[in-house]
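The values are calculated or read from the model by the stated rules, or taken from the named source; none is laboratory data. Nothing here was measured: the structure is a model prediction, and the numbers come from that model. Cβ placement follows ideal geometry from the backbone for every residue including glycine, while neighbour counts extend to all protein chains displayed. The area values use the complete protein model at the heavy-atom level, side chains included, leaving out ligands, DNA and RNA. Shrake-Rupley method; radii C 1.70, N 1.55, O 1.52, S 1.80 Å.
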Amino acid sequence: MDKKKVVYSGIQPTGCLTLGNYIGAVSNWLTMQDEYDCLFSIADLHALTVRQVPADFRKTALRFFAQYLAMGLDPKKSILYFQSHVPQHAELTWILNCFTYVGEASRMTQFKDKSQKHLDNVNMGLMDYPVLMAADILLYQSDLVPVGGDQKQHLELTRDIAMRFNNLYSPTFVVPEAYIPKQGAKICSLADPTAKMSKSDPDANATISIIDSPEEIINKIKRAVTDSEPHVAYSEDKPGISNLLTIFSAVTGRGIDSLADEYRDKGYAAFKSAVGEAVVEKLRPVRAEFERLSADKDYLMSVAREGAERAQRIAYKTLAKVYRKVGLVER
Ligand code: ATP
Ligand code: LTN
(Lines give C-alpha, C1' and ligand atoms only; values in the text may rest on other atoms or scores of the structure.)
(Ligands and ions follow the chains in the order given, each with its own letter.)
Protein backbone atom coordinates (compact mmCIF):
# COMPACT_ATOMS: atom_id res chain seq x y z
CA MET A 1 0.00 0.00 0.00
CA ASP A 2 1.24 3.52 -0.76
CA LYS A 3 2.40 5.51 2.22
CA LYS A 4 -0.02 8.27 3.14
CA LYS A 5 1.12 11.81 2.50
CA VAL A 6 2.23 13.80 5.51
CA VAL A 7 0.44 17.06 6.30
CA TYR A 8 1.83 19.68 8.68
CA SER A 9 0.48 22.96 9.94
CA GLY A 10 0.43 25.18 12.99
CA ILE A 11 -0.94 28.40 14.42
CA GLN A 12 0.68 30.77 16.89
CA PRO A 13 -1.20 30.97 20.19
CA THR A 14 -1.79 34.70 20.41
CA GLY A 15 -5.09 36.52 20.83
CA CYS A 16 -8.13 34.42 19.98
CA LEU A 17 -8.60 32.00 17.12
CA THR A 18 -10.75 33.84 14.60
CA LEU A 19 -13.22 32.94 11.95
CA GLY A 20 -10.39 33.75 9.52
CA ASN A 21 -8.18 31.06 11.06
CA TYR A 22 -11.08 28.63 11.05
CA ILE A 23 -12.20 29.18 7.47
CA GLY A 24 -8.76 29.86 6.00
CA ALA A 25 -6.83 27.15 7.79
CA VAL A 26 -8.48 24.76 10.23
CA SER A 27 -11.49 23.78 8.10
CA ASN A 28 -9.04 22.33 5.59
CA TRP A 29 -7.15 20.52 8.31
CA LEU A 30 -10.39 18.84 9.34
CA THR A 31 -11.00 17.35 5.94
CA MET A 32 -7.37 16.29 5.59
CA GLN A 33 -7.35 14.29 8.83
CA ASP A 34 -9.10 11.30 7.25
CA GLU A 35 -6.92 11.06 4.21
CA TYR A 36 -3.41 11.92 5.40
CA ASP A 37 -0.98 11.51 8.28
CA CYS A 38 -1.41 14.90 9.90
CA LEU A 39 0.49 16.87 12.53
CA PHE A 40 -0.91 20.12 13.90
CA SER A 41 1.07 22.14 16.39
CA ILE A 42 0.52 25.08 18.65
CA ALA A 43 3.40 27.23 17.40
CA ASP A 44 4.29 28.69 20.78
CA LEU A 45 7.97 29.28 19.99
CA HIS A 46 6.91 31.39 17.03
CA ALA A 47 4.69 33.49 19.27
CA LEU A 48 7.70 34.49 21.38
CA THR A 49 8.97 36.64 18.52
CA VAL A 50 6.71 39.35 19.89
CA ARG A 51 6.57 40.17 23.59
CA GLN A 52 4.14 38.04 25.61
CA VAL A 53 2.98 38.32 29.22
CA PRO A 54 4.04 34.91 30.61
CA ALA A 55 0.94 34.05 32.67
CA ASP A 56 -1.45 35.14 29.90
CA PHE A 57 0.60 33.42 27.24
CA ARG A 58 0.47 30.08 29.06
CA LYS A 59 -3.31 30.34 29.44
CA THR A 60 -3.81 31.37 25.83
CA ALA A 61 -1.72 28.46 24.56
CA LEU A 62 -3.77 25.98 26.55
CA ARG A 63 -7.01 27.58 25.40
CA PHE A 64 -5.83 27.26 21.82
CA PHE A 65 -5.17 23.59 22.36
CA ALA A 66 -8.71 23.15 23.70
CA GLN A 67 -9.99 25.08 20.68
CA TYR A 68 -8.08 22.80 18.29
CA LEU A 69 -9.94 19.84 19.80
CA ALA A 70 -13.25 21.72 19.95
CA MET A 71 -13.08 22.51 16.22
CA GLY A 72 -12.80 18.80 15.53
CA LEU A 73 -9.09 18.04 15.36
CA ASP A 74 -8.96 14.50 16.63
CA PRO A 75 -6.00 13.04 18.56
CA LYS A 76 -6.99 9.59 17.33
CA LYS A 77 -6.41 10.70 13.77
CA SER A 78 -3.74 13.41 14.00
CA ILE A 79 -0.73 14.29 16.11
CA LEU A 80 -1.62 17.40 18.14
CA TYR A 81 1.07 18.99 20.28
CA PHE A 82 2.89 22.08 21.51
CA GLN A 83 5.90 22.98 19.38
CA SER A 84 7.99 23.78 22.48
CA HIS A 85 7.50 20.22 23.78
CA VAL A 86 9.56 18.83 20.92
CA PRO A 87 13.12 20.16 21.24
CA GLN A 88 14.11 19.04 17.75
CA HIS A 89 12.30 22.10 16.31
CA ALA A 90 14.81 24.46 17.88
CA GLU A 91 17.72 22.17 17.10
CA LEU A 92 16.94 21.84 13.40
CA THR A 93 16.37 25.60 13.23
CA TRP A 94 19.98 26.18 14.17
CA ILE A 95 21.23 23.92 11.41
CA LEU A 96 18.88 25.45 8.83
CA ASN A 97 19.98 28.94 9.88
CA CYS A 98 23.35 28.04 8.50
CA PHE A 99 21.72 27.32 5.13
CA THR A 100 19.56 30.44 4.94
CA TYR A 101 20.83 33.79 3.67
CA VAL A 102 20.22 36.99 5.58
CA GLY A 103 19.14 38.53 2.27
CA GLU A 104 16.32 36.08 1.70
CA ALA A 105 15.07 36.19 5.30
CA SER A 106 15.02 39.99 5.33
CA ARG A 107 12.94 40.06 2.14
CA MET A 108 9.99 38.28 3.79
CA THR A 109 6.87 40.46 3.78
CA GLN A 110 5.81 39.32 7.25
CA PHE A 111 9.23 40.24 8.67
CA LYS A 112 9.01 43.69 7.12
CA ASP A 113 5.43 44.19 8.38
CA LYS A 114 6.13 42.99 11.89
CA SER A 115 9.35 45.01 12.12
CA GLN A 116 7.30 48.09 11.30
CA LYS A 117 4.68 47.18 13.87
CA HIS A 118 7.13 46.46 16.68
CA LEU A 119 9.79 49.07 16.08
CA ASP A 120 11.05 48.77 19.66
CA ASN A 121 11.60 45.03 19.36
CA VAL A 122 12.97 43.98 15.99
CA ASN A 123 14.62 40.88 17.43
CA MET A 124 16.55 38.07 15.74
CA GLY A 125 13.61 35.71 16.26
CA LEU A 126 11.40 37.88 14.10
CA MET A 127 13.79 37.46 11.21
CA ASP A 128 14.34 33.79 12.00
CA TYR A 129 10.61 33.09 12.11
CA PRO A 130 10.42 31.45 8.66
CA VAL A 131 13.46 29.28 9.38
CA LEU A 132 11.77 27.88 12.51
CA MET A 133 8.71 27.33 10.33
CA ALA A 134 10.87 25.48 7.79
CA ALA A 135 12.21 23.30 10.62
CA ASP A 136 8.65 22.51 11.76
CA ILE A 137 7.73 21.32 8.30
CA LEU A 138 10.93 19.55 7.27
CA LEU A 139 11.35 17.60 10.52
CA TYR A 140 8.33 15.47 9.64
CA GLN A 141 9.13 15.04 5.93
CA SER A 142 5.85 16.82 5.22
CA ASP A 143 4.36 16.70 1.74
CA LEU A 144 1.58 19.24 2.14
CA VAL A 145 1.22 22.37 4.24
CA PRO A 146 -2.30 23.81 4.44
CA VAL A 147 -2.07 27.54 5.21
CA GLY A 148 -3.75 30.78 4.25
CA GLY A 149 -2.42 32.82 1.34
CA ASP A 150 -0.34 35.04 3.64
CA GLN A 151 2.05 32.17 4.38
CA LYS A 152 2.87 31.33 0.77
CA GLN A 153 6.16 33.21 0.81
CA HIS A 154 7.32 31.29 3.88
CA LEU A 155 6.55 28.04 2.11
CA GLU A 156 8.63 29.13 -0.88
CA LEU A 157 11.54 29.80 1.44
CA THR A 158 11.08 26.40 3.10
CA ARG A 159 11.25 24.75 -0.30
CA ASP A 160 14.38 26.71 -1.23
CA ILE A 161 16.13 25.71 2.01
CA ALA A 162 15.14 22.05 1.57
CA MET A 163 16.36 21.92 -2.03
CA ARG A 164 19.58 23.72 -1.15
CA PHE A 165 20.32 21.20 1.60
CA ASN A 166 19.37 18.23 -0.60
CA ASN A 167 21.62 19.49 -3.39
CA LEU A 168 24.59 20.17 -1.13
CA TYR A 169 24.44 16.76 0.56
CA SER A 170 22.03 14.15 -0.76
CA PRO A 171 18.23 13.86 -0.68
CA THR A 172 17.35 14.42 2.98
CA PHE A 173 14.14 16.41 3.11
CA VAL A 174 10.88 16.00 1.28
CA VAL A 175 10.29 19.30 -0.55
CA PRO A 176 6.81 20.33 0.66
CA GLU A 177 3.98 21.94 -1.26
CA ALA A 178 1.76 24.71 0.06
CA TYR A 179 -1.92 23.83 0.07
CA ILE A 180 -3.82 27.09 -0.19
CA PRO A 181 -7.59 27.03 -0.52
CA LYS A 182 -9.02 29.15 -3.32
CA GLN A 183 -12.16 30.25 -1.60
CA GLY A 184 -11.92 31.69 1.86
CA ALA A 185 -8.13 31.97 1.41
CA LYS A 186 -8.46 35.39 2.94
CA ILE A 187 -11.18 36.49 5.31
CA CYS A 188 -11.05 40.24 5.88
CA SER A 189 -11.43 42.43 8.93
CA LEU A 190 -15.00 43.50 9.68
CA ALA A 191 -13.74 47.00 10.50
CA ASP A 192 -11.49 47.36 7.46
CA PRO A 193 -12.49 44.92 4.73
CA THR A 194 -9.34 45.66 2.75
CA ALA A 195 -7.14 44.20 5.52
CA LYS A 196 -7.05 40.58 6.63
CA MET A 197 -8.91 39.50 9.75
CA SER A 198 -6.09 39.04 12.21
CA LYS A 199 -6.26 37.40 15.64
CA SER A 200 -3.91 39.97 17.10
CA ASP A 201 -6.07 42.91 15.99
CA PRO A 202 -6.68 45.05 19.10
CA ASP A 203 -10.09 46.15 17.75
CA ALA A 204 -12.46 43.42 18.99
CA ASN A 205 -15.10 44.49 16.47
CA ALA A 206 -12.77 43.72 13.59
CA THR A 207 -12.66 39.99 14.27
CA ILE A 208 -14.99 37.18 15.21
CA SER A 209 -13.48 34.79 17.70
CA ILE A 210 -14.57 31.18 17.29
CA ILE A 211 -15.77 31.25 20.89
CA ASP A 212 -17.66 34.56 20.80
CA SER A 213 -21.20 34.38 22.14
CA PRO A 214 -24.11 34.38 19.65
CA GLU A 215 -24.98 37.97 20.65
CA GLU A 216 -21.41 39.14 20.05
CA ILE A 217 -21.33 37.49 16.64
CA ILE A 218 -24.65 38.95 15.54
CA ASN A 219 -23.68 42.43 16.74
CA LYS A 220 -20.25 42.42 15.16
CA ILE A 221 -21.65 41.39 11.79
CA LYS A 222 -24.39 43.99 12.08
CA ARG A 223 -21.71 46.63 12.57
CA ALA A 224 -19.40 45.34 9.84
CA VAL A 225 -18.22 48.11 7.53
CA THR A 226 -19.95 48.05 4.13
CA ASP A 227 -20.64 50.55 1.35
CA SER A 228 -23.77 52.63 0.81
CA GLU A 229 -24.91 51.16 -2.51
CA PRO A 230 -27.87 48.93 -1.56
CA HIS A 231 -27.38 45.73 -3.62
CA VAL A 232 -25.77 42.61 -2.28
CA ALA A 233 -23.14 41.59 -4.84
CA TYR A 234 -19.66 40.15 -4.96
CA SER A 235 -17.29 42.67 -6.53
CA GLU A 236 -14.00 44.42 -5.99
CA ASP A 237 -15.58 47.78 -5.26
CA LYS A 238 -17.69 46.22 -2.49
CA PRO A 239 -15.04 44.68 -0.23
CA GLY A 240 -17.24 44.64 2.89
CA ILE A 241 -20.19 42.86 1.27
CA SER A 242 -17.86 40.55 -0.66
CA ASN A 243 -16.16 39.57 2.58
CA LEU A 244 -19.50 38.79 4.21
CA LEU A 245 -20.48 36.73 1.17
CA THR A 246 -17.24 34.79 1.44
CA ILE A 247 -17.94 34.11 5.12
CA PHE A 248 -21.58 33.20 4.40
CA SER A 249 -20.53 30.78 1.71
CA ALA A 250 -17.82 29.20 3.86
CA VAL A 251 -20.07 28.54 6.84
CA THR A 252 -23.04 27.26 4.82
CA GLY A 253 -21.20 25.44 2.03
CA ARG A 254 -23.35 27.27 -0.52
CA GLY A 255 -21.93 29.04 -3.58
CA ILE A 256 -21.27 32.78 -3.46
CA ASP A 257 -23.27 33.36 -6.67
CA SER A 258 -26.36 31.65 -5.37
CA LEU A 259 -26.20 33.58 -2.09
CA ALA A 260 -25.65 36.88 -3.91
CA ASP A 261 -28.65 36.14 -6.15
CA GLU A 262 -30.86 35.29 -3.22
CA TYR A 263 -30.01 38.40 -1.21
CA ARG A 264 -29.40 40.88 -4.04
CA ASP A 265 -32.48 43.01 -3.38
CA LYS A 266 -33.22 42.18 0.23
CA GLY A 267 -31.21 45.02 1.76
CA TYR A 268 -28.07 44.96 3.87
CA ALA A 269 -29.83 44.58 7.21
CA ALA A 270 -31.57 41.32 6.25
CA PHE A 271 -28.41 40.07 4.58
CA LYS A 272 -26.27 40.79 7.63
CA SER A 273 -28.68 39.13 9.97
CA ALA A 274 -28.73 35.98 7.79
CA VAL A 275 -24.91 35.92 7.74
CA GLY A 276 -24.85 36.40 11.53
CA GLU A 277 -27.26 33.52 12.11
CA ALA A 278 -25.31 31.23 9.83
CA VAL A 279 -22.03 31.98 11.63
CA VAL A 280 -23.69 31.46 15.02
CA GLU A 281 -24.99 28.04 13.95
CA LYS A 282 -21.61 27.00 12.58
CA LEU A 283 -19.80 27.99 15.77
CA ARG A 284 -22.39 26.83 18.31
CA PRO A 285 -21.01 23.28 18.73
CA VAL A 286 -17.42 24.56 18.78
CA ARG A 287 -18.16 26.89 21.64
CA ALA A 288 -20.00 24.19 23.62
CA GLU A 289 -17.20 21.68 23.18
CA PHE A 290 -14.63 24.31 24.12
CA GLU A 291 -16.41 25.00 27.40
CA ARG A 292 -16.56 21.29 28.18
CA LEU A 293 -12.88 20.66 27.41
CA SER A 294 -11.65 23.77 29.24
CA ALA A 295 -12.90 22.25 32.47
CA ASP A 296 -10.74 19.15 31.96
CA LYS A 297 -7.13 20.27 32.04
CA ASP A 298 -5.84 16.78 32.87
CA TYR A 299 -7.34 15.41 29.69
CA LEU A 300 -5.91 18.27 27.62
CA MET A 301 -2.44 17.72 29.05
CA SER A 302 -2.59 13.98 28.47
CA VAL A 303 -3.44 14.57 24.81
CA ALA A 304 -0.59 17.09 24.53
CA ARG A 305 1.89 14.71 26.15
CA GLU A 306 1.01 11.86 23.87
CA GLY A 307 1.16 14.13 20.83
CA ALA A 308 4.63 15.39 21.78
CA GLU A 309 5.93 11.85 22.28
CA ARG A 310 4.68 10.71 18.90
CA ALA A 311 6.06 13.84 17.22
CA GLN A 312 9.46 13.44 18.89
CA ARG A 313 9.90 9.92 17.62
CA ILE A 314 9.57 11.15 14.03
CA ALA A 315 11.51 14.39 14.55
CA TYR A 316 14.41 12.57 16.15
CA LYS A 317 14.96 10.43 13.05
CA THR A 318 15.17 13.42 10.71
CA LEU A 319 17.45 15.35 13.03
CA ALA A 320 19.83 12.40 13.44
CA LYS A 321 20.04 12.12 9.66
CA VAL A 322 20.76 15.84 9.31
CA TYR A 323 23.45 15.81 11.99
CA ARG A 324 25.13 12.90 10.25
CA LYS A 325 25.01 14.57 6.84
CA VAL A 326 26.56 17.83 7.98
CA GLY A 327 29.37 15.92 9.67
CA LEU A 328 28.69 16.27 13.37
CA VAL A 329 30.31 13.56 15.51
CA GLU A 330 27.76 10.96 16.56
CA ARG A 331 26.73 10.88 20.20
P1 ATP B 1 -1.57 37.28 13.91
O2 ATP B 1 -2.58 38.37 13.93
O3 ATP B 1 -1.11 36.86 15.27
O4 ATP B 1 -0.46 37.48 12.92
P5 ATP B 1 -3.23 35.61 12.26
O6 ATP B 1 -4.67 35.75 12.59
O7 ATP B 1 -2.76 36.25 11.03
O8 ATP B 1 -2.35 35.98 13.49
P9 ATP B 1 -1.66 33.25 12.02
O10 ATP B 1 -1.23 32.59 13.28
O11 ATP B 1 -0.66 34.10 11.31
O12 ATP B 1 -2.99 34.08 12.24
O13 ATP B 1 -2.21 32.19 11.01
C14 ATP B 1 -2.78 30.95 11.32
C15 ATP B 1 -3.36 30.34 10.07
O16 ATP B 1 -4.58 30.96 9.74
C17 ATP B 1 -2.47 30.48 8.84
O18 ATP B 1 -2.58 29.33 8.05
C19 ATP B 1 -3.03 31.67 8.15
O20 ATP B 1 -2.75 31.66 6.79
C21 ATP B 1 -4.52 31.51 8.44
N22 ATP B 1 -5.20 32.79 8.49
C23 ATP B 1 -4.96 33.78 9.36
N24 ATP B 1 -5.77 34.82 9.16
C25 ATP B 1 -6.54 34.48 8.11
C26 ATP B 1 -7.57 35.14 7.39
N27 ATP B 1 -7.96 36.35 7.72
N28 ATP B 1 -8.13 34.51 6.35
C29 ATP B 1 -7.75 33.28 6.01
N30 ATP B 1 -6.78 32.59 6.63
C31 ATP B 1 -6.17 33.17 7.66
N1 LTN C 1 3.64 30.97 10.63
C2 LTN C 1 2.42 30.23 10.56
C3 LTN C 1 2.22 29.34 11.73
C4 LTN C 1 3.12 28.19 11.60
C5 LTN C 1 3.07 27.19 10.60
C6 LTN C 1 4.15 26.33 10.88
C7 LTN C 1 2.23 26.96 9.52
C8 LTN C 1 4.18 27.92 12.39
N9 LTN C 1 4.79 26.80 11.95
C10 LTN C 1 4.40 25.24 10.06
C11 LTN C 1 2.49 25.86 8.72
C12 LTN C 1 3.57 25.02 9.00
C13 LTN C 1 1.28 31.19 10.46
O14 LTN C 1 0.29 30.79 10.00
N15 LTN C 1 1.41 32.38 10.88
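Sequence-ordered 3J(HN,Hα) estimates for region 314-331 from the Karplus curve with 6.51, -1.76 and 1.60 and θ = phi - 60° stand at 6, 4, 4, 4, 5, 5, 4, 4, 5, 4, 5, 5, 7, x, 6, 5, 5, 5 Hz, glycine and proline given as x. Rounded to the nearest 20 debye, the dipole magnitude of the chain is 820 debye, with +1 charges on Lys and Arg beta carbons, -1 on Asp and Glu beta carbons, and the Cα centre as origin.
Going out from 0 in 5 Å bins, what whole percent of all Cα-Cα distances in region 13-53 drops into each bin? P(r) over region 13-53, rounded to whole percents: 5, 19, 23, 22, 18, 9, 4, 1. With distances taken between every two different alpha-carbon atoms, region 247-331 has a Kirkwood hydrodynamic radius of 17.8 Å. Would region 29-92 count as rounded, prolate or oblate if I go by the C-alpha gyration tensor, calling it rounded below 1.5 in a/c and otherwise prolate when a/b exceeds b/c, oblate otherwise? Oblate.
Model label points for Asn166 and Glu229, set 7 angstrom from Cα along the Cα-to-Cβ axis, are 4.7 nm apart.
Ordering of 94-101, 143-150, 324-331, 80-87 by packing is 80-87, 143-150, 94-101, 324-331, highest average first (other Cβ atoms within 10 Å, averaged per residue).
Taking the chain as a Gaussian network of alpha-carbon nodes connected by springs under 10 Å, the highest mean-square fluctuation of the residues Ser294, Ser170, Ser142 belongs to Ser170. Each Cα pair under 8 Å and six or more residues apart adds its sequence gap; the mean of these over the residue count of the chain is a relative contact order of 22 percent.
The Cα atoms of region 183-298 cover 52, 28, 25 Å along the three principal axes, with the biggest extent listed first. For region 1-111, the C-alpha radius of gyration divided by 2.2 N^0.38 Å, with N the number of residues, is 1.18.
Most fluctuating residue of Asp257, Asp128, Asp192 in a GNM of the chain with Cα springs under 10 Å: which is it? Taking springs between Cα atoms under 10 Å, the residue moving most is Asp257.
Computed from the Cβ-Cβ distance with R0 of 22 Å, the FRET efficiency linking Asp203 to Asp56 stands at 0.75.
Average projection, convex hull of the Cα set of region 111-260: 11.8 square nanometres.
Near Ile42, the amide H atoms lying under 5 Å from its own belong to Tyr81, Phe82, Gln83; only residues 5 or more places off or on other chains count, and H is placed 1.01 Å from N.
Phi-derived couplings, Karplus 6.51 cos²θ - 1.76 cosθ + 1.60 at θ = phi - 60°, listed residue by residue for region 167-173: 6, 6, 10, 7, x, 10, 10 Hz, with x used for Gly and Pro. Label-to-label distance, Thr252 versus Asn123, with points set 7 angstrom from Cα along the beta-carbon direction: 4.5 nm. For the residue pairs Lys5/Lys238; Lys5/Lys325; Lys76/Lys282; Lys5/Lys76, alpha carbon separations beyond 28 Å are given by Lys5/Lys238.
Excluding ligands, DNA and RNA, the accessible surface per residue across the chain is 49 Å² with a 1.4 Å probe. Pairs of Cα atoms nearer than 8 Å and 6+ residues apart set the relative contact order; for region 32-139 it is 36 percent.
Measuring nothing but how far apart in sequence close Cα pairs (under 8 Å, 6+ apart) lie, relative to its length, region 107-214 scores a relative contact order of 21 percent.
Among Tyr263, Gln110, Pro87, flag the residue with its Cα farthest along the positive direction of the charge dipole of the chain, charges on Cβ as +1 for Lys/Arg and -1 for Asp/Glu. Final value for the positive-end residue is Pro87.
Each listed q (0.08, 0.12, 0.15 Å⁻¹) maps to a log10 I(q)/I(0) for the chain, found by the Debye formula over equal Cα scatterers with no solvent: -0.40, -0.87, -1.28. Only the Cβ atoms of Lys and Arg (+1) and of Asp and Glu (-1) were treated as charged; on that basis the dipole of region 35-85 about its Cα centre amounts to roughly 240 debye. In the chain, a dipole from Cβ-located charges (positive for Lys and Arg, negative for Asp and Glu) runs towards its positive end, and of Met133, Ala195, Gln312 it is Gln312 whose Cα lies farthest in that direction.
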